[in-house]
Amino acid sequence: MPQAALADTIFFLHGESAAVTDSISRYVGARGAETQNLTRLEDLRMADDAEGVLVVHYSGAAGLAEKLPAIKKKNPLLRVLVLHEFVERGRVDSSLLAHIDHMLEKPFTRAALEKALAQFSFFPLTGKNIFLFAPGIDTSETKLLGRLGANVITRLPDSGKKLPLELAVLSPEAINTEFRDLLAAFRAAYADVPCFMLYDAQAPGVLDAGILNEIAYLVQKPVSRAALRQKLLAYFEQPQQDRRKNPRKKGISQVWISAFNLELGTTELFESPFLIDISQSGLSFQTYVDYAENQLMAIWVVSEEAPDKILDLRGHIRWKKTDPAPEGGYGKAFKYGVEFIRHDSEEYLNFARMIAMH
């Protein structure tokens, strides 16, 4: 591995002998990593701006089978490397296997450790050209994309020159003239490159239909580094075609969908899906994103009459169907039916009136 290949990575060490712990600490430390020795697994605390790897000895960690699933649920991006003895081969609790990223039998060589760490893909976006608009110096978006190995481009080339861009990440401080001009210039040169927008509802300016029409995916701020990392990697692991289509209902300009995370009290990744139908009671749509039945969804509706106003509705997924992968497609497509939560809020009543008028 190159020097500093593990920069911004914290290795949590637990349950191993002092000699092995010291050896691993020296090895990863020479490659830029930080190490923390954990007396108890419950003491593990991942930093929002760093990668995390738990190195744990199978027989040296009391209650590992009970504790590890909870730790992984709390820290879904944590990688887990389990060290075990020769005599423990084939005896690892089967319930643990789903929560372990790699197992390494002792005694092991440096080459074996290096091979194990290589499985964790610390630079999963190596070779990906990503345009980033995030005003400021050394922003969190810049650090994250760089840490993932992407080639980050912050300035569009001179007229006539085009780069092989795969994604644009837009994180404006305000929806102002500067941002609108930048988006128009980007679209003029890169009409087919998907845009991933980070949107702060408290920032100055209005998010309207004109901007949403140029965006493929949207995440509302504040968003943690871990959550943003997960959403970006999900995009590249299964690129999702732009499935947007004008709704069948006259008077509606756009519809956007996102799962709503009840634990965090916030939306996840907004997409503008292939809309099949929409009514006062609900809507049906097709997408490549896999949602769960009964999942609470946030639905944004933009009308033709008021393109600068978003009607923010809620609903639950009531049915789900899986379609075979289309020829030349990226994977399974899903069809969903969402039932709106009907209430007397101004937003839902405005939506109901809009549907009734058309």
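Along each of the three principal axes of the Cα atoms of the chain, give the extent in whole Å, ordering the values from largest to smallest.
74, 50, 41
Antiparallel as a % of all DSSP beta bridges within the chain, to the nearest 5?
On the way: 38 of 71 bridges.
Approximately 55 percent, going by the DSSP bridge assignments.
R0 = 30 Å: FRET efficiency of Glu105 with Leu233, Cβ-based, nearest 0.05?
On the way: r = 29 Å, r/R0 = 0.97.
With R0 = 30 Å, the Cβ-Cβ based efficiency is 0.55.
What is the local net charge at Ala189, summed over the other residues whose Cβ is closer than 14 Å to its Cβ (Lys, Arg +1; Asp, Glu -1)?
Counting the neighbours of Ala189, the net charge comes to 0.
Check each of the trypsin sites (Lys or Arg not before Pro) in the range 34-131 and keep only those in coil by DSSP with at most 16 other C-beta atoms within 10 angstrom; list them in order.
Working: sites: Arg40, Arg45, Lys67, Lys72, Lys73, Lys74, Arg79, Arg89, Arg91, Arg110, Lys115, Lys128; in loops: Arg40, Arg45, Arg89, Arg91, Lys128.
Qualifying residues, ordered by number: Arg40, Arg45, Arg89, Arg91.
Given the DSSP H assignment, sum -39500 (n - 2.57) over each helix run of at least 4 residues in the chain and divide by its residue total; what's the result at 222 nm in deg cm²/dmol, nearest 500? Walk me through the numbers on the way to the answer.
Working: 8 runs with 82 residues, N = 358.
It lands at -7000 deg cm²/dmol.
If the cut-off is 16 Å between C-alpha atoms, which aspartates and glutamates fall inside it for Lys332, apart from same-chain ones fewer than 8 positions away?
The qualifying aspartates and glutamates are Glu237, Asp242, Asp290, Asp323.
Modelled label-to-label distance, Glu263 and Lys162, 7 Å Cα→beta-carbon offset: nm?
4.3 nm
Grab the beta carbon distance between Ala62 and Leu296, set R0 = 45 Å, and tell me the FRET efficiency rounded to 0.05. List each step's numbers first, then the result.
Details: r = 38 Å, r/R0 = 0.84.
Here the calculated transfer efficiency is 0.75.
Strictly over 30 Å apart at the Cα level, which of Lys72/Lys128; Lys72/Lys309; Lys72/Lys320; Lys143/Lys320; Lys115/Lys221; Lys231/Lys309 would you flag in this model? Each step should come with its number before you reach the end.
On the way: Lys72/Lys128 28 Å; Lys72/Lys309 40 Å; Lys72/Lys320 28 Å; Lys143/Lys320 38 Å; Lys115/Lys221 37 Å; Lys231/Lys309 26 Å.
Cα-Cα > 30 Å for Lys72/Lys309; Lys143/Lys320; Lys115/Lys221; rest within.
Please state the charge dipole magnitude for the range 123-238, taken about the Cα centre, from unit charges on C-beta atoms (+1 on K and R, -1 on D and E), reported in debye and rounded to the nearest 20. Could the numbers behind the result be given before it?
Working: 12 positive and 12 negative charges, 75 e Å.
About 360 debye.
So which residue, out of Phe270, Phe86, Phe133, gets the largest mean-square fluctuation from a GNM of the chain using Cα contacts under 10 Å as springs?
The residue with the greatest mean-square fluctuation here is Phe86.
Test of understanding: what is the full-extension gain from Ser95 to Glu339, defined as 0.36 nm times their sequence separation minus their Cα-Cα distance?
Full extension of this stretch gives 84.2 nm more.
Suppose R0 equals 45 Å; then what is the FRET efficiency for Arg353 and Arg26 from their Cβ-Cβ distance, rounded to the nearest 0.05? Before the final figure, lay out the partial values.
Working: r = 68 Å, r/R0 = 1.52.
My answer for the efficiency is 0.10.
Select from Ala189, Tyr235, Leu125 the residue farthest towards the positive end of the dipole of the range 123-238; place +1 on Cβ of Lys and Arg, -1 on Cβ of Asp and Glu, and compute about the Cα centre.
Looking along the dipole axis, the top candidate is Leu125.
Write down the accessible area per residue of the range 10-120 in Å², having rolled a 1.4 Å probe over the full set of protein chains.
Values: 5640 Å² over 111 residues.
That works out to 51 Å² for each residue.
Ignoring ligands, DNA and RNA, what percent of the 1.4 Å accessible area of the range 123-238 is carbon and sulfur? Intermediate results must be reported in sequence, preceding the final value.
Values: 2740 of 5470 Å².
The computed percentage sits at 50.
Give the accessible surface of the range 246-357 per residue, rounded to a whole number of Å², with probe radius 1.4 Å and ligands, DNA and RNA excluded. Walk me through the numbers on the way to the answer.
Numbers: 5640 Å² over 112 residues.
That works out to 50 Å² for each residue.
Rounded to the nearest percent, how much of the accessible area of the range 246-357 (1.4 Å probe, protein heavy atoms only) is carbon and sulfur?
On the way: 2690 of 5640 Å².
Carbon plus sulfur share of accessible area: 48 percent.
The values are calculated or read from the model by the stated rules, or taken from the named source; none is laboratory data. On a predicted model such as this, the values are computed, not experimentally measured, just so you know. Positions of Cβ are backbone-derived with ideal geometry, glycine not excepted, and every protein chain shown enters the neighbour counts. Ligands, DNA and RNA are excluded from the accessible area calculation, which covers all protein heavy atoms including side chains. Shrake-Rupley method; radii C 1.70, N 1.55, O 1.52, S 1.80 Å.
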